[in-house]
Amino acid sequence: METQYNVTPQKLYKIIIIGDPTVGKTSFVQRYIQNTFKNDYKGTVGVDFALKIIKVSETQSIRLQLWDIAGQERFTWMTRVYYKDSHGCIIMFDLTNKNSFINTQKWKRDVDSKCTLPDGRPIPCILLANKCDLPYRQVHQMEIEDLYKEHNFIGWTETSAKDGLMVNDSMK
Ligand code: G3D
Ligand code: MG
């Protein structure tokens, strides 16, 4: 929510990250916010928040609030609450897990059916193909290209939360 009483108003953008369990959502957020990759934490429960302040010009910065669905990766009434008032959405899958790719369509439909921008347009969604550092892929570039177009994502890219590949670039 945007605070009305801030002395130096900075726009706050709520960005949600969704996708099947274990595709790398939490790792991605950690990489982006702290530039670390940890192997040892265990799946969190509930919702995790992370905040990043981004300088967009000499005089202007914005606040990105990242919502990590953290262990609630099911389609329930809960997701509606989680999606509410978001400005942008990251839908992630794991390149080595075909099912997680197929399910990105469900995630997209779930967002679009439950939530829009205030003006009624769909929440802009980017599609991230994570774990591109791993050799054995189950999803081919052509399939991603087709799905991204057909389901009106604003873009897609391969990422590696592990190696920090395309993490900052995709967020920009
Ligand atoms: P989630 O939040 O979507 O459920 P996590 O996913 O961030 O918890 O990551 C799930 C597992 O995938 C973790 O492995 C994590 O280390 C691994 N992972 C995340 N991103 C990458 C990546 O880009 N490359 C590779 N190779 N692995 C990744 P563990 O073994 O800890 O369960
Ligand atoms: Mg997680």
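If you go through segment 150-172, how many residues are closer than 17 Å to Q30 by Cβ, at pLDDT 90 or above and polar (S, T, N, Q)?
So the count comes out to 2.
Table: residues versus (1) more than 16 Å from ligand 1 (Cβ to nearest atom); (2) part of a loop (DSSP other than H, G, I, E, B).
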site: F101; (1), (2): no, no
site: T104; (1), (2): no, no
site: K108; (1), (2): yes, no
site: T116; (1), (2): yes, yes
site: I126; (1), (2): no, no
site: C132; (1), (2): no, yes
site: Y136; (1), (2): no, yes
site: T157; (1), (2): no, no
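Only one of these is within 18 Å of Y82 (Cα to Cα) and either open to solvent by less than 10 Å² (accessible area, probe 1.4 Å) or not aromatic (F, W, Y) (or both): K131, K114, K149. Name it.
When all the criteria are applied, what remains is K114.
Please go through segment 64-111 and pick out each residue that is over 14 Å from the mean Cα position of the chain (by Cα), under 24 Å from K172 (Cβ atoms) and either among the β-branched types (V, I, T) or surrounded by fewer than 18 Cβ atoms within 10 Å (Cβ to Cβ) (or both).
D85
Report, ordered by the first and then the second residue, all pairs with beta carbons closer than 7 Å, sequence separation of six or more or different chains, a first member in segment 129-157 that is without any contact (Cβ under 8 Å) to a residue 40 or more places away in the chain, and a second member that is open to solvent by 100 Å² or more (accessible area, probe 1.4 Å).
Final answer for the pair search is D133/K162.
The values are calculated or read from the model by the stated rules, or taken from the named source; none is laboratory data. Treat the numbers as computed from the prediction; the structure is a model and nothing was measured. Ideal geometry is used to build each Cβ from the backbone, glycine not excepted, and the neighbour counts take in all protein chains shown. For accessibility, only protein heavy atoms count, side chains too; no ligands or nucleic acids. Shrake-Rupley method; radii C 1.70, N 1.55, O 1.52, S 1.80 Å.
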